[in-house]
1. P(r) tail for the range 120-202, what percent of Cα pairs lie past 14 Å?
2. Evaluated at 20 °C with a viscosity of 1.002 mPa s, what Stokes-Einstein diffusion coefficient in µm²/s does the range 128-281 have when Rh comes from the Kirkwood expression over alpha-carbon pairs?
3. At 0.36 nm per residue, and after removing the present C-alpha to C-alpha distance, how many nm does the segment from residue 138 to residue 76 gain when stretched out fully?
4. List 42, 97 from most exposed to least, where exposure is judged by having the fewest other Cβ atoms within 10 Å.
5. Roughly how many Å is it from the Cα centre of the range 80-102 to that of the range 232-248, as a whole number?
6. What is the fewest-to-most order of 82, 76 by other Cβ atoms lying within 10 Å of their Cβ?
7. Output the direction-averaged projected area (hull surface divided by four) of the convex hull of the alpha-carbon atoms of the range 177-225, in nm².
8. Stokes-Einstein diffusion coefficient for the chain at 37 °C in a medium of 0.692 mPa s, Rh from the Kirkwood formula over Cα pairs: what value in µm²/s?
């Protein structure tokens, strides 16, 4: 079972919910932090047996002694990673999508692929939680290759909680598209509602079951509730606006410590997800 926790915007409490959901899993669980541009799941866990591994993508290397300056490599590249202004062609590694097309069309086999390191994966264990997070190197524009590497950490033997990147860009879609259920975390503000609507439409196009958690909920803030009711979206939980919760989470604590009464609701949420997706638990 793969459960993705996403949001239409940053700062809604997505990681807070991801950590709490992993902590209340009915068994061993994998927590994958795919917010590779700003990963912070590790701040809330005491990790042991931490290991790191580098992540690379293949990029073209042109042998200028062999190249005949035909320009075919630049013509086939749909991302302008190879530009031909003369001899030799110029390669922009940051734009390369590692499709290998340039290497295949080169008539003199002047192009080979070499690794370009773009980030790393940090893994460790905290109690029943098997944790992995991706960290994108500063200056590299594409997060999806690192996200895909993090998702490969799912071993298929345990339930998986995916802390996805915020928003609805390629990064978020890459993180959630293979999930069995998506939880959208939002806040009861006009901005929160606007971005929730965009996220809901995105998940609908992926045909994945979805529910909503309202964080920092206050009496009278019914904007999100009315939208969910009008669009037949289940509100999975409401997390109250609480100075105590905010203070505990801001110092590395977690939602269960800040609001112990939510533990039972999170455990029931797991049961609901299993029931909704046809799981056995």
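1. On the way: 2308 of 3403 pairs.
Every Cα pair in the range 120-202 considered, those over 14 Å come to 68 percent.
2. On the way: Rh = 17.2 Å.
For the chosen part, D equals 125 µm²/s.
3. Working: separation 62, 0.36 × 62 = 22.32 nm, distance 2.83 nm.
Fully extending the segment from residue 138 to residue 76 adds 19.5 nm.
4. On the way: 42 18, 97 15.
Final ranking by Cβ density, sparse to dense: 97, 42.
5. 48 Å
6. Numbers: 82 23, 76 15.
The fewest-first ordering by Cβ neighbours comes to 76, 82.
7. Values: hull surface 13.0 nm².
Spelled out: convex hull of the Cα atoms, projected over all directions, averaged, 3.3 nm².
8. Details: Rh = 20.5 Å.
The calculation lands on 160 µm²/s.
A short reminder: the numbers here are calculations on the coordinates, not readings from a lab. Owing to the predicted nature of the structure, the values given are computational and were not obtained by experimental measurement. Using ideal geometry, Cβ is built from the backbone for each residue, glycine included, and neighbour counts are taken over all protein chains shown.
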